[in-house]
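Here, each number is a calculation from the coordinates, and none is a lab measurement. Model, not experiment: these values are computed from the prediction. Please note: Cβ atoms are built from the backbone with ideal geometry, for glycine as well, and neighbour counts cover all protein chains shown.
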Amino acid sequence: MLCFDSDLLIGFLKNEVAATKFLEKNPGIISIIAAHEVFFGAKTKKEQSIAEAFLREFNVQPYNWREMAATVKIQQRLLRRGKPIGKGDELIAGTCIANNFTLVTRNKKHFSRIKGLKVKKW
């Protein structure tokens with residue numbers, strides 16, 4: 001199962017051709033964390049309305065105990081190496097690992113630091 005990173009969703013909302021084509025051809029889900037990042041980035045009421053309508057088109061993977069446990073392992077490994085990638089991305093990666101999802105992102109190099117995470121570039 002593909003799980004879309006917020007950069008793909010934001011690309012679609014910004015009318016990026018590559019993002020639109022990818023989403024048209026590939027079914028997938030989003031994590032509640034990616035949805036949060038997209039919705040947080042919507043600054044005006046109009047942007048929030050557009051973002052919410054778009055995000056509601058997806059099945060959303062919640063963040064619960066299993067995702068939290070996977071995220072903590074990721075964060076501990078990255079911290080030991082001195083190379084954290086940011087809380088939001090760590091939460092998204094934990095969600096993907098806990099559910100055996102492939103993360104679809106433009107930031108493959110960034111996420112490649114995470115052992116066991118399957119990543120596909122869009």
Report summary line: Neighbours of A34 by Cβ distance under 12 Å: Lys/Arg at +1, Asp/Glu at -1, summed charge -4
Requested in this report: With Rg and Dmax of the Cα atoms in Å defined as stated, name the option among [x] 15.6, 51; [y] 14.1, 42; [z] 15.1, 45 computed from the structure displayed.
Outcome: [y]
Query raised in the report: Using a Gaussian network model of the chain with C-alpha springs under 10 Å, which one of I97, I33, I85 is most mobile by mean-square fluctuation?
Result: I85
Requested in this report: Order these peptides, 54-63, 68-77, by their mean beta-carbon neighbour count within 10 angstrom, highest first.
Outcome: 68-77, 54-63
Query raised in the report: Lysine pairs in segment 1-107 with alpha-carbon atoms under 16 Å apart, 8 or more places apart or on different chains: how many are there?
Result: 4
Requested in this report: Relative to the longest principal axis of the C-alpha atoms of the chain, give the angle of the C-alpha long axis of helix 45-55, reported between 0 and 90° and rounded to the nearest 10°.
Outcome: 70 degrees
